[in-house]
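The values are calculated or read from the model by the stated rules, or taken from the named source; none is laboratory data. Predicted, not measured: the structure shown is a model, and the values here were computed from it. We place every Cβ from the backbone using ideal geometry, glycine too, and count neighbours over all the protein chains shown.
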Amino acid sequence: MPTTLADADAAISALWPPSGAESWDAVGLIAGDPGAEVTAVHLAVDAVPETVDEALELGAQLLLTHHPLLLRGVTSVAEDRYKGLVLARLIRGGAALIAAHTNADVVARGTSAVLAERLGLRETRPIEPGSDPALGLGRVGRLAEPTTLGALARRLADLLPATAQGVRAAGEYDREVVSVALCAGAGDSLLAHPAVVGADVYVTSDLRHHPASEARERARLGRGPALLDVSHWASEWLWLDVAAEQLRGALPGVTVTVSELRTDPWDFAIV
(Lines give C-alpha, C1' and ligand atoms only; values in the text may rest on other atoms or scores of the structure.)
Protein backbone atom coordinates (compact mmCIF):
# COMPACT_ATOMS: atom_id res chain seq x y z
CA MET A 1 0.00 0.00 0.00
CA PRO A 2 1.42 3.42 -0.88
CA THR A 3 1.91 5.96 1.87
CA THR A 4 -0.50 8.87 1.59
CA LEU A 5 -0.24 12.39 2.91
CA ALA A 6 -2.89 11.42 5.46
CA ASP A 7 -0.62 8.57 6.61
CA ALA A 8 2.34 10.92 6.91
CA ASP A 9 0.24 13.48 8.77
CA ALA A 10 -0.90 10.80 11.21
CA ALA A 11 2.69 9.68 11.82
CA ILE A 12 3.77 13.28 12.40
CA SER A 13 0.88 13.83 14.82
CA ALA A 14 1.85 10.68 16.73
CA LEU A 15 5.47 11.81 17.06
CA TRP A 16 4.61 15.43 17.86
CA PRO A 17 1.01 15.51 19.12
CA PRO A 18 -0.80 18.72 18.17
CA SER A 19 -2.31 18.71 21.68
CA GLY A 20 1.14 19.72 22.93
CA ALA A 21 1.15 22.96 20.92
CA GLU A 22 0.64 26.33 22.55
CA SER A 23 -2.85 27.80 22.17
CA TRP A 24 -1.56 30.56 19.85
CA ASP A 25 0.25 28.16 17.55
CA ALA A 26 -0.85 26.91 14.11
CA VAL A 27 0.55 23.41 13.59
CA GLY A 28 -0.39 20.51 11.34
CA LEU A 29 -1.35 20.28 7.68
CA ILE A 30 -1.13 23.65 5.93
CA ALA A 31 -1.46 22.65 2.27
CA GLY A 32 -1.87 19.43 0.33
CA ASP A 33 -4.26 16.66 -0.69
CA PRO A 34 -4.53 14.07 2.13
CA GLY A 35 -5.06 11.35 -0.48
CA ALA A 36 -1.89 12.13 -2.45
CA GLU A 37 0.97 9.62 -2.38
CA VAL A 38 4.11 10.50 -0.42
CA THR A 39 7.38 8.76 -1.24
CA ALA A 40 9.75 11.43 0.07
CA VAL A 41 9.69 14.01 2.87
CA HIS A 42 12.05 16.97 3.24
CA LEU A 43 12.65 18.70 6.58
CA ALA A 44 13.57 22.36 7.17
CA VAL A 45 13.20 24.94 9.92
CA ASP A 46 11.51 27.47 7.63
CA ALA A 47 9.18 27.36 4.64
CA VAL A 48 10.92 29.81 2.31
CA PRO A 49 11.28 29.70 -1.49
CA GLU A 50 14.76 28.18 -1.20
CA THR A 51 13.67 25.26 0.98
CA VAL A 52 10.61 24.70 -1.22
CA ASP A 53 12.80 24.56 -4.34
CA GLU A 54 15.19 22.19 -2.56
CA ALA A 55 12.33 19.88 -1.59
CA LEU A 56 10.96 19.81 -5.12
CA GLU A 57 14.40 19.18 -6.63
CA LEU A 58 14.75 16.19 -4.32
CA GLY A 59 11.37 14.85 -5.45
CA ALA A 60 9.68 15.31 -2.08
CA GLN A 61 5.90 15.39 -1.95
CA LEU A 62 5.94 16.81 1.58
CA LEU A 63 7.90 19.64 3.18
CA LEU A 64 7.84 19.38 6.97
CA THR A 65 8.94 22.59 8.67
CA HIS A 66 9.34 23.61 12.28
CA HIS A 67 7.97 27.12 11.80
CA PRO A 68 4.38 27.45 10.55
CA LEU A 69 4.02 29.45 7.35
CA LEU A 70 0.58 30.77 8.33
CA LEU A 71 1.12 31.45 12.02
CA ARG A 72 -0.52 34.86 11.71
CA GLY A 73 -3.54 35.65 9.60
CA VAL A 74 -3.11 36.70 5.99
CA THR A 75 -5.66 38.25 3.65
CA SER A 76 -3.93 37.36 0.39
CA VAL A 77 -1.81 34.56 -1.04
CA ALA A 78 -0.98 36.44 -4.22
CA GLU A 79 2.31 35.29 -5.72
CA ASP A 80 3.91 38.71 -5.45
CA ARG A 81 3.93 38.11 -1.69
CA TYR A 82 6.26 35.75 0.12
CA LYS A 83 3.67 33.39 1.59
CA GLY A 84 1.64 33.24 -1.59
CA LEU A 85 4.77 32.47 -3.60
CA VAL A 86 5.71 29.64 -1.23
CA LEU A 87 2.26 28.07 -1.39
CA ALA A 88 2.03 28.43 -5.18
CA ARG A 89 5.39 26.75 -5.72
CA LEU A 90 4.43 23.88 -3.43
CA ILE A 91 1.05 23.35 -5.06
CA ARG A 92 2.42 23.53 -8.61
CA GLY A 93 5.19 21.14 -7.63
CA GLY A 94 2.77 18.65 -6.12
CA ALA A 95 4.13 19.00 -2.59
CA ALA A 96 2.30 19.44 0.71
CA LEU A 97 3.31 21.48 3.74
CA ILE A 98 3.05 20.48 7.41
CA ALA A 99 4.39 22.33 10.47
CA ALA A 100 5.47 20.83 13.81
CA HIS A 101 6.26 23.83 16.00
CA THR A 102 5.68 24.13 19.76
CA ASN A 103 4.34 20.57 19.71
CA ALA A 104 7.88 19.57 18.66
CA ASP A 105 9.42 21.69 21.43
CA VAL A 106 7.84 19.88 24.37
CA VAL A 107 8.38 16.20 23.52
CA ALA A 108 11.10 14.00 24.99
CA ARG A 109 13.33 14.46 21.94
CA GLY A 110 12.19 17.95 21.01
CA THR A 111 14.18 21.01 20.06
CA SER A 112 15.44 21.92 23.54
CA ALA A 113 16.05 18.29 24.51
CA VAL A 114 18.23 17.78 21.43
CA LEU A 115 20.22 20.94 22.16
CA ALA A 116 20.70 19.82 25.77
CA GLU A 117 21.82 16.38 24.63
CA ARG A 118 24.31 17.81 22.15
CA LEU A 119 25.73 20.07 24.87
CA GLY A 120 26.20 16.99 27.07
CA LEU A 121 23.83 18.05 29.84
CA ARG A 122 22.97 15.48 32.47
CA GLU A 123 19.96 15.04 34.75
CA THR A 124 17.87 17.16 32.39
CA ARG A 125 14.28 18.17 33.06
CA PRO A 126 11.90 20.66 31.45
CA ILE A 127 11.93 24.26 32.62
CA GLU A 128 8.14 24.31 32.30
CA PRO A 129 6.84 20.74 32.64
CA GLY A 130 3.41 19.74 31.45
CA SER A 131 1.05 17.18 32.98
CA ASP A 132 3.83 14.65 32.33
CA PRO A 133 6.84 15.98 34.31
CA ALA A 134 9.21 14.59 31.67
CA LEU A 135 7.68 16.77 28.95
CA GLY A 136 7.55 20.53 28.56
CA LEU A 137 9.27 23.69 27.37
CA GLY A 138 13.01 24.16 27.66
CA ARG A 139 15.50 22.06 29.56
CA VAL A 140 17.70 22.51 32.62
CA GLY A 141 20.57 20.23 33.56
CA ARG A 142 24.20 20.01 34.58
CA LEU A 143 27.44 19.77 32.66
CA ALA A 144 29.63 16.73 33.29
CA GLU A 145 32.25 19.05 34.78
CA PRO A 146 32.53 22.78 35.45
CA THR A 147 33.61 25.08 32.66
CA THR A 148 33.72 28.81 32.04
CA LEU A 149 31.12 30.97 30.34
CA GLY A 150 33.62 31.71 27.57
CA ALA A 151 34.41 28.04 27.01
CA LEU A 152 30.72 27.16 26.91
CA ALA A 153 30.10 29.93 24.38
CA ARG A 154 32.89 28.49 22.23
CA ARG A 155 31.40 25.00 22.56
CA LEU A 156 28.06 26.32 21.33
CA ALA A 157 29.72 28.15 18.43
CA ASP A 158 31.39 24.91 17.38
CA LEU A 159 28.20 22.88 17.82
CA LEU A 160 25.77 25.13 15.96
CA PRO A 161 25.86 25.95 12.24
CA ALA A 162 27.57 29.24 11.53
CA THR A 163 25.46 32.41 11.38
CA ALA A 164 26.13 36.12 11.19
CA GLN A 165 25.13 36.49 14.83
CA GLY A 166 27.38 33.82 16.27
CA VAL A 167 27.05 33.54 20.06
CA ARG A 168 26.50 36.64 22.20
CA ALA A 169 27.29 36.51 25.90
CA ALA A 170 26.36 38.56 28.96
CA GLY A 171 28.59 37.77 31.93
CA GLU A 172 32.24 37.44 32.87
CA TYR A 173 34.24 35.33 30.41
CA ASP A 174 35.82 33.32 33.25
CA ARG A 175 32.61 32.86 35.24
CA GLU A 176 32.29 29.22 36.30
CA VAL A 177 29.21 27.42 35.01
CA VAL A 178 27.88 23.97 35.85
CA SER A 179 24.09 24.23 35.76
CA VAL A 180 22.59 25.21 32.41
CA ALA A 181 19.05 26.23 31.49
CA LEU A 182 18.20 26.46 27.82
CA CYS A 183 15.32 27.02 25.46
CA ALA A 184 15.77 26.48 21.74
CA GLY A 185 14.19 29.33 19.84
CA ALA A 186 12.85 32.50 21.45
CA GLY A 187 13.03 32.10 25.23
CA ASP A 188 12.97 35.47 26.94
CA SER A 189 9.51 34.67 28.35
CA LEU A 190 11.27 32.19 30.67
CA LEU A 191 13.89 34.59 32.02
CA ALA A 192 12.14 34.98 35.37
CA HIS A 193 11.32 31.29 35.79
CA PRO A 194 12.85 29.88 39.01
CA ALA A 195 14.60 27.09 37.09
CA VAL A 196 16.28 29.69 34.87
CA VAL A 197 17.07 32.11 37.70
CA GLY A 198 18.68 29.25 39.63
CA ALA A 199 20.98 28.18 36.78
CA ASP A 200 24.52 29.41 36.19
CA VAL A 201 23.77 30.25 32.54
CA TYR A 202 20.72 30.51 30.30
CA VAL A 203 21.06 29.65 26.62
CA THR A 204 18.34 30.84 24.26
CA SER A 205 17.62 33.09 21.26
CA ASP A 206 16.07 36.43 20.37
CA LEU A 207 16.81 38.13 23.69
CA ARG A 208 15.49 41.69 23.50
CA HIS A 209 17.37 44.65 24.94
CA HIS A 210 15.31 45.40 28.03
CA PRO A 211 14.72 41.84 29.29
CA ALA A 212 18.38 40.99 28.65
CA SER A 213 19.58 44.18 30.35
CA GLU A 214 17.45 43.56 33.42
CA ALA A 215 18.57 39.93 33.61
CA ARG A 216 22.21 41.01 33.29
CA GLU A 217 21.89 43.45 36.16
CA ARG A 218 20.20 40.83 38.35
CA ALA A 219 23.04 38.44 37.56
CA ARG A 220 25.54 41.07 38.71
CA LEU A 221 23.74 41.05 42.05
CA GLY A 222 24.01 37.28 42.20
CA ARG A 223 20.32 36.74 41.46
CA GLY A 224 20.31 35.16 38.05
CA PRO A 225 22.25 33.41 35.29
CA ALA A 226 24.73 34.60 32.72
CA LEU A 227 23.21 34.73 29.25
CA LEU A 228 24.20 33.14 25.95
CA ASP A 229 22.12 34.31 22.99
CA VAL A 230 22.35 32.19 19.83
CA SER A 231 20.67 32.19 16.43
CA HIS A 232 17.02 31.13 16.62
CA TRP A 233 17.32 29.12 13.42
CA ALA A 234 20.58 27.44 14.45
CA SER A 235 19.28 26.39 17.88
CA GLU A 236 16.37 24.55 16.26
CA TRP A 237 18.15 23.20 13.18
CA LEU A 238 19.89 20.54 15.29
CA TRP A 239 16.49 18.93 15.90
CA LEU A 240 15.91 18.17 12.22
CA ASP A 241 18.27 15.18 12.11
CA VAL A 242 16.56 13.61 15.13
CA ALA A 243 13.12 14.30 13.65
CA ALA A 244 14.21 12.73 10.35
CA GLU A 245 15.42 9.61 12.13
CA GLN A 246 12.10 9.30 13.94
CA LEU A 247 10.12 9.78 10.73
CA ARG A 248 12.12 7.10 8.94
CA GLY A 249 11.10 4.70 11.68
CA ALA A 250 7.46 5.76 11.50
CA LEU A 251 7.26 5.74 7.68
CA PRO A 252 9.32 2.80 6.40
CA GLY A 253 9.93 3.00 2.69
CA VAL A 254 9.62 6.80 2.63
CA THR A 255 12.80 8.77 1.90
CA VAL A 256 13.44 11.48 4.50
CA THR A 257 15.99 14.23 3.92
CA VAL A 258 17.13 17.29 5.89
CA SER A 259 17.84 20.74 4.52
CA GLU A 260 21.27 22.20 5.19
CA LEU A 261 20.32 25.58 3.76
CA ARG A 262 20.85 28.45 6.19
CA THR A 263 17.52 30.21 6.63
CA ASP A 264 18.70 32.44 9.45
CA PRO A 265 17.45 35.91 8.41
CA TRP A 266 20.78 37.70 8.92
CA ASP A 267 23.35 37.64 6.12
CA PHE A 268 26.36 39.33 7.70
CA ALA A 269 27.51 41.36 10.68
CA ILE A 270 30.02 44.20 10.91
CA VAL A 271 31.70 44.77 14.27
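Observations
- Hits in region 224-271 (condition: outside any loop (DSSP other than H, G, I, E, B), out of contact with any Lys or Arg (no Cβ under 6 Å at 6 or more places or on another chain) and over 19 Å from R118 (Cα atoms)): L247, R248, G249, A250, T255, T257
- Within region 260-271, residues that are over 13 Å from L160 (Cα atoms) reach partners that are surrounded by 11 or more Cβ atoms within 10 Å (Cβ to Cβ) and charged (D, E, K, R) with beta carbons closer than 8 Å, at six or more positions or on different chains, in the pairs L261/E50; L261/E54; T263/D46; T263/E50.
- Taken as a whole, the condition of being crowded, with 16+ Cβ neighbours inside 10 Å, touching a residue at least 40 places away in the same chain (Cβ under 8 Å) and not in a loop (DSSP other than H, G, I, E, B) applies to V114.
- Restricting region 138-155 to residues that are touching a Ser or Thr at 6+ places or on another chain (Cβ under 9 Å) and within 18 Å of V196 (Cβ to Cβ), the residue that is surrounded by the most Cβ atoms within 10 Å (Cβ to Cβ): G138
- Output for region 154-205, where each listed residue is closer than 22 Å to P265 by Cβ, part of a strand (DSSP E or B) and among the charged types (D, E, K, R): R168
- Considering only residues in region 251-271 that are of a type in the set (A, V, I, L, M, F, W, C) and surrounded by 10 or more Cβ atoms within 10 Å (Cβ to Cβ), the one that is farthest from P2 (Cα to Cα) turns out to be W266.
- For beta carbons closer than 9 Å, sequence separation of 6+ or different chains, a first residue in region 28-44 that is assigned by TED's automatic domain parsing to the domain that holds G59 and among the hydroxyl-bearing types (S, T, Y) and a second that is in a loop (DSSP other than H, G, I, E, B) and surrounded by 16 or more Cβ atoms within 10 Å (Cβ to Cβ), the qualifying pairs are T39/T3; T39/A60; T39/Q61; T39/V254.
- Check on R89, in contact with a helix residue (DSSP H, G or I) (Cβ under 7 Å, 6 or more places away or on another chain), surrounded by 14 or more Cβ atoms within 10 Å (Cβ to Cβ), at negative phi and not assigned by TED's automatic domain parsing to the domain that holds A11: no
- Neighbours by Cβ (under 6 Å, 6+ apart or cross-chain): first from region 234-245, assigned by TED's automatic domain parsing to the domain that holds Q165 and under 14 Å from L159 (Cα atoms); second of a type in the set (F, W, Y) and part of a helix (DSSP H, G or I): none
- Restricting attention to region 101-157, the residues that are of a type in the set (G, A, S) and within 28 Å of S13 (Cβ to Cβ) total 11.
- Any hit, region 149-156, residues being under 18 Å from the mean Cα position of the chain (by Cα) and not polar (S, T, N, Q): yes
- Some residue of region 93-101 being surrounded by fewer than 21 Cβ atoms within 10 Å (Cβ to Cβ), assigned by TED's automatic domain parsing to the domain that holds W16 and within 25 Å of G253 (Cβ to Cβ): yes
- Any hit, region 206-223, residues being in a helix (DSSP H, G or I), touching a residue at least 40 places away in the same chain (Cβ under 8 Å), surrounded by fewer than 18 Cβ atoms within 10 Å (Cβ to Cβ) and among the basic types (K, R): yes
- Residue count for region 172-205 under the criterion of being out of contact with any Asp or Glu (no Cβ under 9 Å at 6 or more places or on another chain), in contact (Cβ under 8 Å) with a residue 40 or more places away in the chain and surrounded by 14 or more Cβ atoms within 10 Å (Cβ to Cβ): the result is 4.
- Within region 97-110, not a single residue is out of contact with any Ser or Thr (no Cβ under 9 Å at 6 or more places or on another chain), part of a helix (DSSP H, G or I) and under 17 Å from Y202 (Cα atoms).
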